[in-house]
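J.: Below: one structure in structure tokens.
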Amino acid sequence: MYDALINLAYVVSAILFIFGLKFMSHPRTAVKGNLVSAGAMLLAVLLTLLVTGIGAYIIAGLVIGSIIGVVLAVKIQMTEMPQLVALFNGFGGAATVFVAGAELLRPNTATTPDVLLAAALSGMIGAVTFWGSLVAYGKLQELPMFKKPIEIPSGHLINAIMVMVLLLLIIFMTGAGYSVLPYLLIVIIASVLGVTLVAPIGGADMPVVIALLNSYSGLAAAATGFVIENNVLIISGSLVGASGIVLTQIMCKAMNRSLLNVVFGGLQSAAASTGPAADEVYANVRSTSADDVAMILDAAQRVVIVPGYGLAVAQAQHAVRDLATLLEEQGIEVEYAIHPVAGRMPGHMNVLLAEADIPYDKLREMDDINPTMSQVDVAIVLGANDVVNPVASTDPHSPIAGMPIIHVDKARTVIVIKRSLSPGFAGIPNPLFAADNALMLFADGKKAILDIVTAIKENA
Amino acid sequence: MVASLTIFILAIFIGFELITKVPPTLHTPLMSGSNAISGISIVGALIAASAGDSWLAAFIGLIAVILATINVVGGYLVTHRMLEMFKPKR
């Protein structure tokens with residue numbers, strides 16, 4: 001009877017998780033959604049403590065974990081959010097490895113094939129998640145050893161062999177009653193696999209990798225649910241698994257690449273040589289000054305700002321907000337066009353702009369704003385490059401061919417604020433910079449915006 | 001086992017339904033929030049840590065408790081921080 005009640009209460013927790021995610025469908029209800037979800041987690045933890053009892057060292061574990069979690073969450077800069085999510089993801093993955101391992105060590109654990117299979121899977125997925133996330137963290141944090149994608153000689157072959165060995169070990173463990181040694185081997189090999197899978201993937205593809213690892217951490221938790229036969233783990237784990245898969249798909253679509261291509265391909269940098277050389281493309285580039293930009297903006301009615309990760313690097317969000325406010329005071333309509341892969345994880349740019357108090361209803365999605373781009377007087381491209389490169393739709397042989405872009409080239413005037421003509425992640429020149437309606441403002445993003453603001457104020 | 005699999009598959013479908021409704025603006029908080037949810041393995045960690053039948057299992061479980069708690073507490077807190085910024089000011 002008691003057990004049945006506890007299990008029923010776990011169901012309540014699972015339902016709350018579902019409602020929490022449901023409330024995430026609108027910025028107005030999202031805060032509530034997160035709180036509901038946190039409440040569901042608290043309920044699940046309390047229920048578990050009711051069953052297990054509260055040992056002093058369990059409390060110690062909870063307190064230590066909470067302190068570390070709070071410190072990390074409070075100290076983090078919004079630009080560093082992708083790293084933090086990667087790190088938390090890794091901890092979640094590692095936790096499932098330890099949980100499944102601990103269960104296998106207990107004499108009372110059932111050694112039926114289904115439990116052993118689930119344990120093997122949570123160990124494998126958890127270990128891949130942990131090490132993959134650590135490497136992703138290193139890349140996003142730009143640690144020196146991860147500056148460049150790490151090429152592993154015949155990496156695909158080695159990975160394929162490891163996957164085969166893992167499958168064999170899982171089959172063996174499922175069949176054998178004895179599980180500790182195969183489990184250890186699975187975790188070790190999966191750890192190596194986590195590193196070798198993520199290490200060769202370039203920085204531009206990190207949004208996909210994080211989304212995928214997010215999915216894995218959920219699936220690992222679900223697998224753990226099968227081990228300890230607890231439905232709340234299975235349900236919430238699969239919710240997260242689905243969430244990660246959906247985001248991965250969205251990211252892949254935004255880059256017009258298949259998941260297989262991201263994981264196994266790397267960006268074909270060699271293809272860059274087939275396009276026209278940079279000197280040729282940039283023969284007619286015209287540069288401008290902050291004063292000229294202020295005058296152009298003075299005559300505008302509708303302005304669209306296209307932010308890229310460069311904006312965040314230059315910490316220009318607040319300056320941009322000030323510029324927008326100034327323009328709006330003069331009756332100019334200002335909007336932001338957000339490409340799905342602007343920033344380093346899905347939706348990252350929106351968070352960075354929200355931090356600068358830019359209202360979310362001014363942030364327009366790419367598909368939403370593209371049809372109206374020809375009615376835009378001035379498009380300001382700030383720290384974005386590949387996502388506004390018209391080559392994506394004109395040259396089928398380009399490495400970014402078919403990638404959806406924001407069509408700033410359709411606007412009456414395009415102002416590109418950039419330090420130099422250096423290429424973006426794709427490593428190809430951008431003919432937009434030399435277009436008839438384009439003007440380059442060569443400067444640091446933040447300084448350029450501040451100069452424009454000053455110039456507008458002087459003119460007024 | 002079959003019952004668990006059924007629940008697993010149904011939950012994945014619910015997940016797809018729910019997540020496709022989340023606007024791109026909220027994808028980062030969605031990700032960190034769902035990441036915090038994946039810390040649900042804390043339930044398994046607590047059970048393992050309080051295992052009376054094997055001290056080694058209990059010790060490994062305790063490590064899992066710490067890791068999962070970082071994931072849960074940090075994940076929800078940082079998600080809350082982000083979502084607060086999306087609240088309309090004024």
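Just so it is clear, none of the values below were taken in a lab; they were calculated from the coordinates. Because the structure is predicted, anything quoted here is derived from the model rather than measured. All Cβ positions, glycine included, derive from the backbone under ideal geometry; neighbour counts span all protein chains shown.
J.: In whole angstrom, how far apart do the alpha carbon centroids of region A:428-460 and region A:103-179 sit?
T.: Region A:428-460 and region A:103-179 have Cα centres separated by 49 Å.
J.: A further question follows. Which residues' amide hydrogens lie under 5 Å from the amide hydrogen of A:A337, considering only partners 5 or more residues apart or on another chain, with H built in the peptide plane?
T.: A:I305, A:V306, A:R364
J.: Give the long-range amide H neighbours of A:A438: residues separated by 5 or more places, or on another chain, with amide H under 5 Å away, using H modelled in the peptide plane at 1.01 Å from N.
T.: Counting only residues 5 or more places away or on other chains, the set is A:V414.
J.: Nothing charged except the Cβ atoms of Lys and Arg (+1) and of Asp and Glu (-1): what's the magnitude of the dipole of the protein assembly as shown about its Cα centre? Round to the nearest 20 debye. Walk me through the intermediate numbers first.
T.: Working: 28 positive and 35 negative charges, 144 e Å.
So the dipole magnitude of the protein assembly as shown works out to roughly 700 debye.
J.: Using +1 at the C-beta of Lys and Arg and -1 at the C-beta of Asp and Glu, which of A:L5, B:I14, A:N256 has the Cα lying farthest in the positive direction of the dipole of the protein assembly as shown?
T.: A:L5
J.: When the gyration tensor of region A:275-392 is built from Cα positions, what are the square roots of 5 times its three eigenvalues, in whole Å, from largest to smallest?
T.: On the way: eigenvalues 100, 75, 42 Å².
Here the semi-axes work out to 22, 19, 14 Å.
J.: So if we plug the beta-carbon distance of A:D279 and A:A401 into 1/(1 + (r/R0)^6) with R0 = 22 Å, what FRET efficiency do we get, rounded to 0.05? Don't jump to the answer; show the numbers that get you there.
T.: Numbers: r = 22 Å, r/R0 = 1.00.
That gives a FRET efficiency of 0.50.
J.: Additional query: Hey, got the average number of other protein chain Cβ atoms within 10 angstrom for residues in A:51-62?
T.: So the per-residue partner count for this stretch is 5.
J.: So which of A:K148/B:K87; A:K75/A:K147; A:K362/A:K457; A:K139/A:K362; A:K139/A:K253; A:K22/A:K446 end up more than 29 Å apart, counting from Cα to Cα? Please report the intermediate quantities before stating the final value.
T.: On the way: A:K148/B:K87 38 Å; A:K75/A:K147 24 Å; A:K362/A:K457 23 Å; A:K139/A:K362 31 Å; A:K139/A:K253 23 Å; A:K22/A:K446 37 Å.
From the list (A:K148/B:K87; A:K75/A:K147; A:K362/A:K457; A:K139/A:K362; A:K139/A:K253; A:K22/A:K446), the Cα-Cα distance tops 29 Å for A:K148/B:K87; A:K139/A:K362; A:K22/A:K446.
J.: Taking the beta-carbon count within 10 Å as an exposure proxy, list A:R412, A:R321, A:R344 from fewest neighbours to most. Could the numbers behind the result be given before it?
T.: Details: A:R412 16, A:R321 19, A:R344 25.
Lowest count first: A:R412, A:R321, A:R344.
J.: Remind me, relative contact order of chain A in percent, using alpha carbon pairs under 8 angstrom and six or more residues apart?
T.: Numbers: 751 pairs, mean separation 64.5, N = 460.
Over chain A, the number comes to 14 percent.
J.: Something else: Quick one: Cα centre-to-centre distance for region A:14-81 and region A:281-295, in angstrom?
T.: 50
J.: Compute the relative contact order of region A:215-348 as a whole-number percentage, counting only Cα pairs closer than 8 Å that sit 6 or more residues apart in sequence.
T.: 20
J.: Ok, one more. For chain B, what is the relative contact order in percent, using Cα pairs closer than 8 Å and at least 6 residues apart in sequence? Could you put the intermediate results ahead of the total?
T.: On the way: 59 pairs, mean separation 26.1, N = 90.
Answer for chain B is 29 percent.
J.: Choose one of A:L140, A:V115, A:A290: the residue whose Cα lies farthest towards the positive end of the charge dipole of the protein assembly as shown (beta-carbon charges +1 Lys, Arg; -1 Asp, Glu; about the Cα centre).
T.: Looking along the dipole axis, the top candidate is A:V115.
J.: Right, next: Under a plain spin-label model, where a point goes 7 Å from the Cα along Cα-to-Cβ, how far apart in nm are A:Q375 and A:Y2?
T.: So the two model labels end up 6.8 nm from each other.
J.: Considering the options A:P371, A:A356, A:V391, tell which one lies farthest towards the positive end of the dipole of region A:305-460, charges being +1 on Lys and Arg and -1 on Asp and Glu at the Cβ, about the Cα centre.
T.: A:V391
J.: Efficiency by 1/(1 + (r/R0)^6): what FRET value for A:V12 and A:D367, r their Cβ-Cβ distance, R0 = 30 Å, to the nearest 0.05? Show your work: numbers first, answer last.
T.: On the way: r = 39 Å, r/R0 = 1.28.
In this case the efficiency is close to 0.20.
J.: Length gain on complete extension for the stretch A:L46 to A:V195, per 0.36 nm per residue less the alpha carbon to alpha carbon distance? List each step's numbers first, then the result.
T.: Details: separation 149, 0.36 × 149 = 53.64 nm, distance 3.56 nm.
Stretched fully, the A:L46-A:V195 segment lengthens by 50.1 nm.
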